[in-house]
Every structure is written in structure tokens, then in C-alpha cells.
Amino acid sequence: MKLHSVLLCVFLMSAIAIGQTFRGTILGTVTDPSGNLVAGATVKVRNTGTGLERTTTTSADGSYAIPELPIGTYTVTITQSGFQTSVTNNVEVSVATERRVDAQLKIGQVNQ
């Protein structure tokens, strides 16, 4: 009977561990200087330790999310035609967390 109890505990603990994640998410909203939402902006996150890069675009409401990122430090780069590039350094992603990186793009050329 004791063996059954031990096996049951191991099974339950395994099931709980499966539901946990060892990754995090970077998300945010992109606006222009007037506060208008910027759809279609390119958002690139780069892990400064490993070089891993992931890219997405903002949706119609200016929002973006890049889930399932390994823990580490990231640089978030946001570009859109007609706007200056936004770069946010040292974004720490921890286990099962959401890090918010909102950006207000300034009017100008992308290469400025």
C-alpha cells in the first residue's frame, strides 16, 4: 500500500511539473507621437547571450507578443517605415513571466 501512495505522489508531481514553463514572453504596444496605434511594425527580439532571434509584427491594435522565449537578456528592436527605429536593451525574461516593452515611435527615417 505504501508503494501505491509513493507512485501516486510521483505521478501527481509529474503532472504539475508538465504544466510549468521555463520560458517567458515579451509583449507590448507600439504607438506614434500622437498616441495612435501603429499596425504592421516589425518587432525583433534578440537574446544577447545566445544570439537567438524571433520576429513578429504588430496587429491592427498596435500590440505584439513573442511567447516561449528562453530565459535571458534581450534587445527589442521595433521598426516601421517613416519612423525612427526604437531599441530597448537589457530586457530580462524570467521563468513564466511577461515583460512589457511599449514603444512610441518618433517620426523620421528608419536609419536615423
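5 Å is the cut-off here: which amide hydrogens, built 1.01 Å from N in the peptide plane, fall below it relative to Leu52, excluding neighbours closer than 5 in sequence?
For Leu52, the qualifying residues are Asn47.
Of Leu105, Leu27, which has the most accessible area with a 1.4 Å probe, and how do the rest follow in descending order?
So, going from the largest accessible area down, we get Leu27, Leu105.
The values are calculated or read from the model by the stated rules, or taken from the named source; none is laboratory data. The shown structure was predicted, so the numbers you read here are calculated from the model rather than taken from an experiment. Quick note on the areas: whole protein, heavy atoms, side chains included, nothing else; ligands and nucleic acids left out. Shrake-Rupley method; radii C 1.70, N 1.55, O 1.52, S 1.80 Å.
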